[in-house]
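**Student:** A single structure is presented below for examination.
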Amino acid sequence: MEFFFELIIAAFLVIGGIFGIVGSFGLIKLNDRMSRLHAPTKATTLGVGGVLLASMAHAAFFETYVSIHELMITLFLFLTAPITANFIAKVHIHRHDTPDSLPEPGEDKIWATHKKPENEVIGPQV
Amino acid sequence: MSLFLIAALPFLGAVFPALLIRAGRNASASAAGLTTLLAFVGLMLHAPAVLRGDVIQAQFDWLPGLGLNANFFLDGLGFLFASLILGIGLLIILYARFYLSREDPMGNFYTYLLLFQGAMVGIVTSDNILLLLIFWELTSLSSFLLIGFWKHLPEGRQGARMALTVTGAGGLAMIGGMLILGNIAGSYDLTVILSSKEAIQASPLYLPALILILIGAFTKSAQFPFHFWLPHAMAAPTPVSAYLHSATMVKAGLFLLARLWPVLAGTPEWFYIVATTGLITMVLGAIIALFKDDLKALLAFSTVSHLGLITMLLGFGTKFAAVAAVFHIINHATFKAALFMSAGIVDHEAHTRDIKRLGGLRHLMPITFAIATVAALSMAGIPPFNGFLSKEMMLEETVHTAWGGSAYLVPGLALIGALFSAAYSFRYIVHVFLGPKRSDYPAKPHDPGVGMWLAPAFLVGLVILIGLFSAKIVGPLVATAAGAVIGGEKLPYYSLKLWHGFTPALYMSIVAVAGGAVLLMLHKPLARMWDNAPRPEAKVIFEALIAALTRLARTITDGLHNGAMPRYAAIMIAFTVALSFYAYQSGTLAAPTRTLQDVGLIPILGWASLLIATGFMVAMHRNRLLALVLIGVVGLVVSMGFNYLSAPDLALTQISVEVVTIILMLLALNFMPKETPIESSAGARLRDISIASVAGLGVGGLIYALMTRDFIGETISGFHLENSYKGGGGTNVVNVILVDFRGFDTFGEIIVLGIAALVIFALTEAVLGTRVRAYLLNRKPDLPQAGDSHPMMMVVATRVMMPLALMVAAYIFFRGHNLPGGGFIAGLIAAIAIIMQYMASGFAWATERQRYPYHAIIGSGVLIAAATGLGSWFSGTPFLTSAFGYIHWAPLEEFEWATAALFDLGVFLAVVGAVLLALESLSRFAWQPGANTDHAMDINPARDDVAKTENEG
């Protein structure tokens, strides 16, 4: 039984480790910024998530109490990681793209980052 | 009346004239007069006892640790001066009521006058030289206010500044002298000092102490070469001149000489310094006075001369001379105050003080003429007036005094002084009042109302009475005062009478008066010669000296600190390094007592991150945004370091301070160039790099040395660990230190924090009130701005986070006493929770929803902390003693209560308020009316949906 628990915990750890490495590797390997933005998301979600799950399992199986600290960490990660990514993307669009170089914004007139007074006129008309 | 009350009355009464001026000038003057009268009567109640030879004392230990006791005593000398100060003060108050015009702020005048009066009474009655010094400086300050009373006149302001500079500098010297004196005697109490003559005169520090004290006394009493400030102080209103510059303040120096006469006098040093200075001052002042055309300048230099005379007498060091000095102090005060007042009357009625434009006034102003004539004749030393008596005694004493082996030097010079003194006194009568009536006075002169001439007439009455019946009227006073001067020893034989027979002094007097008359006749050609002769102009020299000192001070200050950070930092750090190197060289370094621990993987990782971050910082510091990021990295590593080394409180504090600081710097960066330009030369940078490297290596070495050794003594940590739970009721030692052991420190710190935030707020307000506001409003951002400044995701996330963060803050706050946490950290976390709203939803949006002003939050925090501290008084324990106990409420587990938590609440509120006020103030620079958003989120699908349905509907 103990071996089984250890197996589960080890599996979580390995999964976490693999995604951590993948995320980091992607950060180096991928070519442009927008693609690179994808890589760390793997590390923060599945990578850290795996480690947290391992930690919870360890607490539950071996130290016989339910640990919810990890859930809090997950919650904070889920709150902060998307916002960080959102801001990085916005900075990239702001600095390197013009309204013309981006795909159509769908039902809106213009992408939010470009939505400023001087762009209202020259923006693509729908 | 208690001496405390007599000394305090003028200070207490000083409030009333300024307040009662609204009820009219008479009310104001009456308040001042009544206060003085009350003090005078109180003083006179002591007269019988003092004249019997008793010494009245009043004692109160003020700061015994410093030897500063508020002890007062009243002996003959103090009594003499106090009655002069209060008595003449009363006359001056009457005179000033009618002298000052409607335009003059009379309430202020009387307030200053009473402050001055109180300070003077304090000087002459204090029994502690430190207390005396305090009053001494107070007279300098209050006389500054009085001399510069006519603020609109440049002469008034310059004269006041000069007087303050000279007497203030002298006062500084005197502080040094007095401290030495007190040190030798072993006490700062005058009565003790006065009884340790041998010890003081035998001390090697006698001469320095003497010189320093004499500088103080000479500057105050306008002795050569410090005499020049007195004529310039004549720009003051005449009542001030009559009070300060004839009867009281300039006599403070003489009082001090007389007071310390028993311990300082009698040595050759005393004789040669004091008597010579007095002699020179007397002759010089008398000669200059004759050639002054301004009435008050003439009187000013004559005052200088007479002060020199008294100084000389005190310098002789003989008992008879001391008696003569005391007697002349009384006489000079009476006739000189009367003369100043008569000069003021002439000025007031004729609208000029220029002797050249006056003459023949005896027909127009008979009463003033009579007053001025009697007083001037007394000054000239004509019998039967009181000036004659003391001048006779002075001349008599000079005949018996040899200077450096010459028996004729002192009497000869004294005779010249007396001669010129007679000449200028006669000139005051002849050129102003005698002669033909003129037709070109600036105004039509006539005698003033009774209010103005009553005071000088009273003094002149005294001049005559003292002259005729001196032994009866002032005999006992002179005897007790002189007895106090010579230290209670037996008085020598003297007699206060007009006729002493044919003595050398009488012949000298006759020569002086006759010579004075001759000099006056020759005045015109002499004055022409005087005007053509080159003379040093004291004001020019003084101003050049002050300008040179200012330049010197500015050169040194600018050389050290010209506003450029690199220079300031370089000097500071180089100096510290040099000092540390000296300490290292001259001290000893014990062998290390601790062995190095093994280094684990995690410390190496942290260390490497620090090195990499700082290395990047050195390379990339010109990019300011990157520099901020790197600072953040370093801060995080430091926080983790604290955590790793089992200091969770520090880690929590560090990380929250880090967040707040970075946000603060980001706000500032908004207004600054994003790159630091290269401004210094390569050489300068090389220099700075080497200074920084040496200092950094030095600090590293110091810390290494410290950490490899145990402390020499036992540290206080043991005590804290031991008593934290027992005495403070908490197991978190850090928190117990903050709220209990060192609660008073924390209390001070939250006040400082609050003040700092208020200062930032005040600066912002002040800056935004100037043209800067227009500049900020028209500011074009230096980089292109992005749209969607308040993205929906961020806004929503921060709203979700806010209650969570506040709950964390509450959690950290409550656990603080026993587990890592506490009010300070909780305050920072709560502040961050609110700052997030400002950042995400915009300044305008957040401000609108902020209902409690941050000032009030700071204030309530400080008040709660103070109230908690005061609470301990009710149980009879010292301020901020904490109490704690345990409560058990049925469904809950047993928990602890501690008053320290209330105190911590105060800390919490103060921190929240201070951080938010500071950040809000700085943000207001960036706020522009156009930036006011209607919605927190620039893009909000919910809003779009509503709009859509409305359009469709």
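The values are calculated or read from the model by the stated rules, or taken from the named source; none is laboratory data. Note that the structure is a prediction, hence the values are computed from the model and not measured. We place every Cβ from the backbone using ideal geometry, glycine too, and count neighbours over all the protein chains shown.
**Student:** If you go through the stretch A:80-89 one residue at a time, do you hit one that is surrounded by 16 or more Cβ atoms within 10 Å (Cβ to Cβ), modelled with pLDDT of 90 or more and not hydroxyl-bearing (Ser, Thr, Tyr)?
**Tutor:** No.
**Student:** Considering only the stretch B:262-273, I want to know if a residue exists there that is under 16 Å from B:Ile416 (Cβ atoms), in a helix (DSSP H, G or I) and not charged (D, E, K, R).
**Tutor:** Looking for residues that are under 16 Å from B:Ile416 (Cβ atoms), in a helix (DSSP H, G or I) and not charged (D, E, K, R), one finds none in the stretch B:262-273, hence no.
**Student:** Let me ask something else about it. For the condition over 22 Å from B:Phe316 (Cβ atoms), at pLDDT 85 or above, crowded, with 24+ Cβ neighbours inside 10 Å and in contact with a His (Cβ under 9 Å, 6 or more places away or on another chain), what is the one hit in B:Met249, B:Met234?
**Tutor:** B:Met234
**Student:** Return the residues of the stretch B:789-801 that are crowded, with 18+ Cβ neighbours inside 10 Å and within 7 Å of another protein chain (Cβ to nearest Cβ); say none if nothing qualifies.
**Tutor:** B:Pro791, B:Met794, B:Ala797, B:Met801
**Student:** Which residues, counting only those in the stretch B:42-82, are out of contact with any Phe, Trp or Tyr (no Cβ under 6 Å at 6 or more places or on another chain), crowded, with 20+ Cβ neighbours inside 10 Å and part of a helix (DSSP H, G or I)?
**Tutor:** The answer is B:Leu43, B:Gly76, B:Leu77, B:Gly78, B:Phe79, B:Leu80, B:Ala82.
**Student:** Among the residues in the stretch B:756-764, are any under 23 Å from B:Ser841 (Cβ atoms), more than 10 Å from chain A (Cβ to nearest Cβ) and touching a Leu at 6+ places or on another chain (Cβ under 6 Å)?
**Tutor:** yes
**Student:** Another question, then. Is it the case, given these coordinates, that A:Leu52 is at pLDDT below 90 and in contact with a helix residue (DSSP H, G or I) (Cβ under 6 Å, 6 or more places away or on another chain)?
**Tutor:** So A:Leu52 fails the test.
**Student:** So in the stretch B:895-920, with the set limited to residues that are free of Cβ contacts under 8 Å to residues at least 40 places away in the same chain and either out of contact with any strand residue (DSSP E or B) (no Cβ under 8 Å at 6 or more places or on another chain) or not in a helix (DSSP H, G or I) (or both), which one is nearest to B:Ala810 (Cα to Cα)?
**Tutor:** It comes out as B:Leu902.
**Student:** Which ones in the stretch B:403-447 are among the aromatic types (Phe, Trp, Tyr) and either in contact with a strand residue (DSSP E or B) (Cβ under 7 Å, 6 or more places away or on another chain) or exposed (fewer than 13 other Cβ atoms within 10 Å of the Cβ) (or both)?
**Tutor:** B:Tyr408
**Student:** Out of the stretch B:315-332, which residues are over 16 Å from B:Phe385 (Cβ atoms) and polar (S, T, N, Q)?
**Tutor:** B:Thr318
**Student:** If I ask for residues that are assigned to a helix (DSSP H, G or I), among the β-branched types (Val, Ile, Thr) and free of Cβ contacts under 8 Å to residues at least 12 places away in the same chain, which ones from the stretch B:706-752 would you list?
**Tutor:** B:Val752
**Student:** Right, something else. Tell me yes or no: at least one residue of the stretch A:91-104 is in a loop (DSSP other than H, G, I, E, B), within 14 Å of another protein chain (Cβ to nearest Cβ) and touching a Phe, Trp or Tyr at 6+ places or on another chain (Cβ under 6 Å).
**Tutor:** yes
**Student:** Still on this structure, please answer the following. Can we say B:Leu290 is crowded, with 24+ Cβ neighbours inside 10 Å and touching a residue at least 60 places away in the same chain (Cβ under 8 Å)?
**Tutor:** Spelling it out, B:Leu290 is indeed crowded, with 24+ Cβ neighbours inside 10 Å and touching a residue at least 60 places away in the same chain (Cβ under 8 Å).
**Student:** Being part of a helix (DSSP H, G or I), buried (at least 24 other Cβ atoms within 10 Å of the Cβ) and under 26 Å from the mean Cα position of the chain (by Cα) is the requirement here; does B:Leu256 meet it?
**Tutor:** It is true that B:Leu256 is part of a helix (DSSP H, G or I), buried (at least 24 other Cβ atoms within 10 Å of the Cβ) and under 26 Å from the mean Cα position of the chain (by Cα).
**Student:** Here is a further query. Are any residues in the stretch B:678-695 in contact (Cβ under 8 Å) with a residue 60 or more places away in the chain and of a type outside the set (A, V, I, L, M), and if so, which ones?
**Tutor:** Across the stretch B:678-695, the qualifying residues are B:Ser680, B:Arg687, B:Asp688.
**Student:** Could you tell me which of the residues B:Ala840, B:Ala831 is within 14 Å of another protein chain (Cβ to nearest Cβ), buried (at least 21 other Cβ atoms within 10 Å of the Cβ) and part of a helix (DSSP H, G or I)?
**Tutor:** B:Ala840 is the lone residue from the list that is within 14 Å of another protein chain (Cβ to nearest Cβ), buried (at least 21 other Cβ atoms within 10 Å of the Cβ) and part of a helix (DSSP H, G or I).
**Student:** May I pose another question? Taking B:Ala809, is it away from every other protein chain (no Cβ under 14 Å), more than 45 Å from the chain's Cα centre (by Cα) and crowded, with 16+ Cβ neighbours inside 10 Å?
**Tutor:** yes
**Student:** Check whether at least one residue in the stretch B:772-788 is surrounded by fewer than 18 Cβ atoms within 10 Å (Cβ to Cβ), within 9 Å of chain A (Cβ to nearest Cβ) and in a helix (DSSP H, G or I), and report yes or no.
**Tutor:** No - not one qualifying residue is present in the stretch B:772-788.
**Student:** Something else: List pairs: first residue in the stretch A:75-88 and within 8 Å of another protein chain (Cβ to nearest Cβ) and closer than 13 Å to B:Thr798 by Cα, second residue surrounded by 15 or more Cβ atoms within 10 Å (Cβ to Cβ) and of a type outside the set (Gly, Ala, Ser) anywhere in the structure, Cβ distance under 8 angstrom, at least six positions apart or on different chains.
**Tutor:** A:Leu79/B:Met801; A:Pro82/B:Met793; A:Ile83/B:Met793; A:Ile83/B:Met794
**Student:** So, in the stretch B:880-917, how many residues would count as being among the small types (Gly, Ala, Ser) and at pLDDT 90 or above?
**Tutor:** Total satisfying the criteria: 4.
**Student:** Which of the residues that make up the stretch B:1-46 are β-branched (Val, Ile, Thr) and at pLDDT below 90?
**Tutor:** B:Ile6, B:Val15, B:Ile21
**Student:** I'm trying to understand the selection: among the residues of the stretch B:263-277, which are surrounded by fewer than 19 Cβ atoms within 10 Å (Cβ to Cβ) and farther than 10 Å from B:Trp403 by Cα?
**Tutor:** B:Gly266, B:Thr267, B:Pro268, B:Glu269, B:Ile273
**Student:** Of (1) part of a loop (DSSP other than H, G, I, E, B); (2) over 30 Å from B:Ala926 (Cα atoms), B:Gly869 satisfies all except one. Which?
**Tutor:** Single failed check for B:Gly869: (1).
**Student:** Of the conditions (1) over 16 Å from the mean Cα position of the chain (by Cα); (2) assigned to a helix (DSSP H, G or I); (3) closer than 20 Å to B:Asp788 by Cα, A:Thr84 clears all except one; give me its number.
**Tutor:** If we test A:Thr84 against (1) over 16 Å from the mean Cα position of the chain (by Cα); (2) assigned to a helix (DSSP H, G or I); (3) closer than 20 Å to B:Asp788 by Cα, just (1) comes out false.
**Student:** Taking the stretch B:141-169, which residues are touching a residue at least 60 places away in the same chain (Cβ under 8 Å), part of a helix (DSSP H, G or I) and crowded, with 20+ Cβ neighbours inside 10 Å?
**Tutor:** Correct list: B:Ser143, B:Leu146, B:Ile147, B:Gly156, B:Gly159, B:Ala160, B:Met162, B:Ala163, B:Val166, B:Thr167.
**Student:** Let me ask something else. B:Phe671 passes all but one of (1) in a helix (DSSP H, G or I); (2) in contact (Cβ under 8 Å) with a residue 60 or more places away in the chain; (3) not acidic (Asp, Glu); which number fails?
**Tutor:** (1)
**Student:** Sticking with this structure for a sec: Listed residues B:Leu605, B:Leu625, B:Leu596; which is at pLDDT below 95, of a type outside the set (Lys, Arg) and part of a loop (DSSP other than H, G, I, E, B)?
**Tutor:** Of B:Leu605, B:Leu625, B:Leu596, the one residue that is at pLDDT below 95, of a type outside the set (Lys, Arg) and part of a loop (DSSP other than H, G, I, E, B) is B:Leu596.
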